[in-house]
Amino acid sequence: MPDDTTEATAATDQRRITELIAGHPWVADVRPGPDGVLRVTPHPSATAVLPTPGPLVREHLAHWAEVYEWVYETGEGRHADDLDLSGWRTSDTGEPLSAAHMRDWVDRTVDLVLAQRPRRLLELGCGTGLLAHRLHTHLDGYVGTDVADVAVERLRAARLPRTAFVRAAAHEAESPAVREAMEVVFGPGVRPDCVLLNSVTQCFPNLLYLTAFLHHALAAVEDGGTVIVGDIRHSGLLEDHFGRTERARDPEAADADIAARVASAVAADGELSFAPEAVREILAAHPRAVRMSVHARTMAEDSELTRYRYDLVLRVGPFAGAPDESPVRHLPWQGPGGEQLPAVLRAALAPGPAVLHGIPNALLTDAPDAVTPHDLRQALTGKDAAVLLDPADPRMLAVAAPAHCATAAAHPPADGPAGRLAHEPLPAFVRRRLPEVLRDHIRRTAPGAVPPRIVVDETSEAAG
């Protein structure tokens, strides 16, 4: 049984450790809990995004930079200089996604970008250059940025005409290095008419970082240009995604067990996902006029990249030369699909500008009149039309014809979005990382002291 001296020493050590943690610049508050646990609240400056990322946000971003540096360095998916698929794997099996599917994925993104008729493109997060290799020949100038040194150096070594590549994060669109590259490629004082961010938002820590990126991108692009945010994970479909993944891993499990695993997987998910309405809220506070359209991914293969992701096209400022704003008819889907689909679409869309909505997505529902995004794209071959997500439900599709009517299809339903607005990974990262940092701090500043269990207060806001 401990004597009074031992208990007093332990109490003194506890106070010292508490004071050390309380004095750490990343901590706003510390409170003793039961069984010697210390509950901490992160300091707002540690999780801030604006005006510059705080240390925990920087660590989150650095984690992803290290991941991609390693992935690109190993080059396990490198088929050719212009087709490096390193890191592209399925969530359920971890196997590489097929090269044919990824070529389709690339081609559909290139189609979306070129449909905006850009001449000067700034791509933030260009990766291995899957898009750069295919876009630069259609442009007067291309500037790409990425956080992975190995990717930037390989693209520089390729010496693609009228291009420049810079090491920079997504929020650094206005950094001196990026501005200098644009001056060289586009000309002095000339801005891009298209800013592209494709398959990068999943690495963002939260919606505040997305907001910072969008504000920088919208400030960078010239009037009449576009900001394209592609391959976005839809937060309203997270349960469906993890439900399929968990069921594939354990086909015989009870539904209740699968539901519990899905809830845990969603909570632990380390990637950002958000619904289009989250971007609409961000744009509502922006001083520039911006119109948004929400596009479905239309690859042929049924995969998580086709089912659960979407693209946003943001049209910025005055729209000189845009088609006249004729009244757009909004029509409910009447079906059917199959061989009759082209005729059904032709009959519905022929009279004039129209949006056909409420089309069940066959990848996500077994409705008898359901069709896939690829079915719609194939049936619309040769027509000026766009395959979209229905704003009322991410399991539904829509078609706009002509394609410029796509912005008319993006108005949200009166009762709000279906499912969650966003899933943000930063809180979970902070809950894991901050205790590690504080335990290391104790070991360095109080040699011999035994770090206690440290828990980030669940009620604290880690969004910055």
Surface/4 of the Cα convex hull for the range 349-442, nm²
9.7 nm²
Quote the Stokes-Einstein diffusion coefficient, in whole µm² s⁻¹, for the range 284-387, based on the Kirkwood radius over alpha carbon pairs, a temperature of 25 °C and a viscosity of 0.890 mPa s.
159 µm²/s
For the range 329-375, alpha-carbon Rg and Dmax in angstrom:
10.5, 31
Give the share of C-alpha pairs in each 10 angstrom bin for the range 23-140, from 0 to the last occupied bin, in whole percents, shortest bins first.
11, 27, 24, 20, 12, 6, 1
Computed for the range 295-401: size of charge dipole around the Cα centre, +1 on C-beta of each Lys and Arg, -1 on C-beta of each Asp and Glu, debye to nearest 20, value 200 debye
Please name whichever of THR245, VAL456, LEU376 sits farthest to the positive end of the charge dipole of the chain, dipole taken about the Cα centre and charges placed at Cβ: Lys and Arg +1, Asp and Glu -1.
LEU376
For a quick check of your reading of the filter: which trypsin sites (Lys or Arg not before Pro) in the range 261-317 sit in a DSSP loop and have no more than 15 other Cβ atoms within 10 Å?
ARG288
Charge context of THR226, other residues only, Cβ under 13 angstrom, K/R +1, D/E -1:
+2
Just need the relative contact order of the chain here, percent rounded to a whole number, with Cα pairs under 8 Å and 6+ apart.
16 percent
Which percentage, to the nearest 5, of the DSSP beta bridges contained in the chain is antiparallel?
55 percent
For the range 64-104: rounded, prolate or oblate by the Cα gyration tensor [a/c cutoff 1.5]
oblate
Divide the volume of the convex hull of the Cα atoms of the chain by its number of residues and quote the answer in cubic angstrom per residue.
181 Å³
Between the residues ALA289, ALA100, VAL40, the Cα farthest towards the positive end of the dipole of the chain, that dipole coming from +1 and -1 charges on the beta-carbon of Lys, Arg, Asp and Glu, is from ALA289
Net charge dipole size for the range 202-297 [Lys, Arg +1 and Asp, Glu -1 on Cβ; Debye, nearest 20]
320 debye
Can you find, among LEU210, CYS194, ALA256, the residue farthest towards the positive end of the dipole of the range 182-284? Put +1 on the C-beta of Lys and Arg, -1 on that of Asp and Glu.
CYS194
Hey, got the Cα dimensions of the range 245-337 along the principal axes, in Å, largest first?
57, 39, 22
Quick check on the range 26-67: take the gyration tensor over C-alpha atoms, sort the square-rooted eigenvalues as a ≥ b ≥ c, and tell me if it's rounded (a/c under 1.5), prolate or oblate.
oblate
Given charges of +1 on the Cβ of Lys and Arg and -1 on the Cβ of Asp and Glu, with all other atoms neutral, how large is the dipole of the chain about its Cα centre, in debye to the nearest 20?
1060 debye
In nm², what is the average projected area of the convex hull enclosing the Cα atoms of the range 96-138?
3.3 nm²
Taking the Cβ of TRP333 as the center, what net charge do the other residues with Cβ under 15 Å away carry, scoring Lys and Arg +1 and Asp and Glu -1?
-1
Solvent-accessible area per residue for the chain (1.4 angstrom probe, square angstrom):
45 Å²
I need the Kirkwood Rh of the range 139-225: take the reciprocal of the average 1/r across all distinct C-alpha pairs and report it in angstrom.
13.6 Å
Note the direction-averaged projected area, equal to a quarter of the hull surface, for the Cα convex hull of the range 176-244, in nm².
6.0 nm²
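The values are calculated or read from the model by the stated rules, or taken from the named source; none is laboratory data. What you are looking at is a predicted structure, and each value in this text was computed from that prediction instead of being measured. We place every Cβ from the backbone using ideal geometry, glycine too, and count neighbours over all the protein chains shown. Only protein heavy atoms, including side chains, enter the accessible area calculation; ligands, DNA and RNA are left aside. Shrake-Rupley method; radii C 1.70, N 1.55, O 1.52, S 1.80 Å.
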